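Below: one structure, written as structure tokens.
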């Protein structure tokens, strides 16, 4: 149980590990845990949309894909040009003492290799999370978001994800809560 407790404390580090790319965008900030949170929901949606996909496997890959960043930190695209991480060692060290470590290791490896349908969908979920964030920042006036979106869209591997991305880009990010512009917004009650 001590090893599992340590694992859970380590996973908690992701709440305090910032995603570093937003400093280049000029707006926005989120932790790795916040990124993982929405990625899991996206993976669930993609898994249910894609015929023959194992949704549970996709969700688990989305959940674990950035777990090594509790040890390595988050490296953005600029950092990756100059800094080498030993993600495999981080994964090995993290999983070696856990009773479910082998499954986690296999899922992270499958995600990294990106060959199975589930891995492609999980990787697309990772990119779609960035696309959603960029669309939100674009809707708030960030002039750099469009250029970033162009590259994120090119990284999508499945038709399902590309279809969802098109819809995301056509949708105002505030309409999920503000589409009903009725008197309720004035009176507060029906």
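List of remarks:
- Sole residue being closer than 27 Å to residue 56 by Cβ and either touching a strand residue (DSSP E or B) at 6+ places or on another chain (Cβ under 6 Å) or part of a helix (DSSP H, G or I) (or both), chosen from 134, 164: 164
- Some residue of region 30-47 being under 26 Å from residue 136 (Cα atoms), modelled with pLDDT of 95 or more, touching a strand residue (DSSP E or B) at 6+ places or on another chain (Cβ under 8 Å) and part of a helix (DSSP H, G or I): yes
- The single residue among 173, 112, 182 that is surrounded by fewer than 19 Cβ atoms within 10 Å (Cβ to Cβ), at pLDDT 95 or above and part of a loop (DSSP other than H, G, I, E, B) turns out to be 173.
The values are calculated or read from the model by the stated rules, or taken from the named source; none is laboratory data. Keep in mind it's a predicted model, so treat the numbers as computed, not measured. With ideal geometry, Cβ positions are generated from the backbone for all residues, glycine too; neighbour counts draw on all protein chains shown.
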